[in-house]
1. Do we have Leu8 as closer than 26 Å to Thr221 by Cα, in a helix (DSSP H, G or I) and either of a type in the set (A, V, I, L, M, F, W, C) or touching an Asp or Glu at 6+ places or on another chain (Cβ under 7 Å) (or both) here?
2. Going through Val128, Val149, Val80 one at a time, which residue ends up being open to solvent by less than 20 Å² (accessible area, probe 1.4 Å), in a strand (DSSP E or B) and touching a residue at least 60 places away in the same chain (Cβ under 8 Å)?
3. Would you mention how many residues in the stretch 190-240 are hydroxyl-bearing (Ser, Thr, Tyr), under 19 Å from the mean Cα position of the chain (by Cα) and under 23 Å from Pro259 (Cβ atoms)?
4. Step by step: first the residues of the stretch 12-34, then only those that are among the hydrophobic types (A, V, I, L, M, F, W, C) and closer than 16 Å to Ala46 by Cβ, then the one that is nearest to the chain's Cα centre (by Cα). Which residue is that?
5. If I filter the stretch 30-38 for residues that are in contact with a strand residue (DSSP E or B) (Cβ under 6 Å, 6 or more places away or on another chain), assigned to a loop (DSSP other than H, G, I, E, B) and on the phi > 0 side of the Ramachandran plot, do I get at least one hit?
6. Among the residues of the stretch 153-173, is any among the aromatic types (Phe, Trp, Tyr), modelled with pLDDT of 95 or more and surrounded by fewer than 16 Cβ atoms within 10 Å (Cβ to Cβ)?
7. On the basis of being open to solvent by less than 30 Å² (accessible area, probe 1.4 Å) and either assigned to a loop (DSSP other than H, G, I, E, B) or in contact (Cβ under 8 Å) with a residue 40 or more places away in the chain (or both), does Gly75 make the cut?
8. What are the residues in the stretch 97-111 that are touching a His at 6+ places or on another chain (Cβ under 7 Å), open to solvent by 30 Å² or more (accessible area, probe 1.4 Å) and over 18 Å from Thr138 (Cβ atoms), if any?
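The values are calculated or read from the model by the stated rules, or taken from the named source; none is laboratory data. This structure is a prediction, so every number in the text was calculated from the model and none was measured. Cβ placement follows ideal geometry from the backbone for every residue including glycine, while neighbour counts extend to all protein chains displayed. Surface accessibility is based on the protein's heavy atoms, side chains included, excluding ligands, DNA and RNA. Shrake-Rupley method; radii C 1.70, N 1.55, O 1.52, S 1.80 Å.
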Amino acid sequence: METSLDELQAWIGRTETVRDSIGATPVKALDATLDHPARAVEHGTALPPLWHWLYFLPLHRQSEIGPDGHARRGGFLPPVPLPRRMWAGSQFEFRTPVRVGDAVERTSTIADVSRKEGRSGQLVFVKVRHELRCNGATEPAIVEFHDIVYRDARRPADVEPPPQRADTGAAWRREVIPDDVLLFRYSALTFNGHRIHYDRKYVTEVEGYPGLIVHGPLIATLLMDLVRRQLPNSDVASFRFKAVRPTFDLNPFHVNGQPAPDGKTVRLFAADHEGWLTMDATAVLR
């Protein structure tokens, strides 16, 4: 790596503050994308968990976009010189609702930068803390930690980590067909230009994957949406997820849920068409 770990860790503590207004149209658009019936979305409607990702979109100029569709390295995030960037996981506290009509401020802080060696070469992990405050409040409505992993370019001899078999007896199970339109609509809603989600030639020939990659945040949103469908009056206090292996658009996959006996904890996970675990998550209800 041309950039040393010390140089990257100099970004720890760097902050960025952005502001946005919570409009109704993105909520209606994601409802449609997730195949929910049309509903009244008006001033004061609370966002379902994770739907704050529809706001604070990365509005980089076209001239700032790199070859993978992301913004070129540097700026707020440290300039990690590894070519592949993935969303590895996140942890959330949902303290108070964010509602349509709110004026929201998001303060982001680089919380940590670390490096290790993996099966496929060097890995750099960047952890970002986001705090969302509504209408001038001093306390955050949402606290989010976002884990980003940067990896070396894929090589023919790379060995993927051994897969983990997903549970087969979950109480809740829903099939999802990750077609091109679903991936395109979610990319558009989140203004995500990463080419691995829509450019089949790029993802197969440059990054070496067999198909388009389903967005990790989309899978996490579908897991939270499963709770919403099964427990429509539930109030989620916290949520965490970890991406285990990529999900491709080549086959349907399943989102699954298993409520714990305590009535508050729900184990959530996604599995591919072969039954391998692709995302592991936990939601805690109030």
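1. Details: closer than 26 Å to Thr221 by Cα: no; in a helix (DSSP H, G or I): yes; either of a type in the set (A, V, I, L, M, F, W, C) or touching an Asp or Glu at 6+ places or on another chain (Cβ under 7 Å) (or both): yes.
Here the answer is no, as Leu8 does not meet what is asked.
2. Details: Val128 fails: touching a residue at least 60 places away in the same chain (Cβ under 8 Å); Val80 fails: in a strand (DSSP E or B).
Residue meeting the stated conditions: Val149.
3. The total comes to 2.
4. Pass one, the stretch 12-34, residues among the hydrophobic types (A, V, I, L, M, F, W, C): 12, 18, 22, 24, 27, 29-30, 32, 34.
Those left that are additionally closer than 16 Å to Ala46 by Cβ: 22, 24, 27, 30.
Numbers: Ile22: 19, Ala24: 21, Val27: 17, Leu30: 15 Å.
Here the residue is Leu30.
5. Initial filter on the stretch 30-38 (in contact with a strand residue (DSSP E or B) (Cβ under 6 Å, 6 or more places away or on another chain)): none.
Looking for residues that are in contact with a strand residue (DSSP E or B) (Cβ under 6 Å, 6 or more places away or on another chain), assigned to a loop (DSSP other than H, G, I, E, B) and on the phi > 0 side of the Ramachandran plot, one finds none in the stretch 30-38, hence no.
6. Here is the first cut: in the stretch 153-173, the ones among the aromatic types (Phe, Trp, Tyr) are 172.
Now narrow it down to the ones that are modelled with pLDDT of 95 or more: 172.
Narrowing the set further to residues that are surrounded by fewer than 16 Cβ atoms within 10 Å (Cβ to Cβ) leaves none.
No, the stretch 153-173 contains no residue that is among the aromatic types (Phe, Trp, Tyr), modelled with pLDDT of 95 or more and surrounded by fewer than 16 Cβ atoms within 10 Å (Cβ to Cβ).
7. Numbers: open to solvent by less than 30 Å² (accessible area, probe 1.4 Å): no; either assigned to a loop (DSSP other than H, G, I, E, B) or in contact (Cβ under 8 Å) with a residue 40 or more places away in the chain (or both): yes.
Taking the combined requirement at face value, the residue does not satisfy it.
8. Within the stretch 97-111, the subset touching a His at 6+ places or on another chain (Cβ under 7 Å) is 98, 100-101, 106, 108.
Applying the additional criterion that residues be open to solvent by 30 Å² or more (accessible area, probe 1.4 Å) yields 101, 106.
Once the filter is applied, which keeps residues that are touching a His at 6+ places or on another chain (Cβ under 7 Å), open to solvent by 30 Å² or more (accessible area, probe 1.4 Å) and over 18 Å from Thr138 (Cβ atoms), the stretch 97-111 yields only Gly101.
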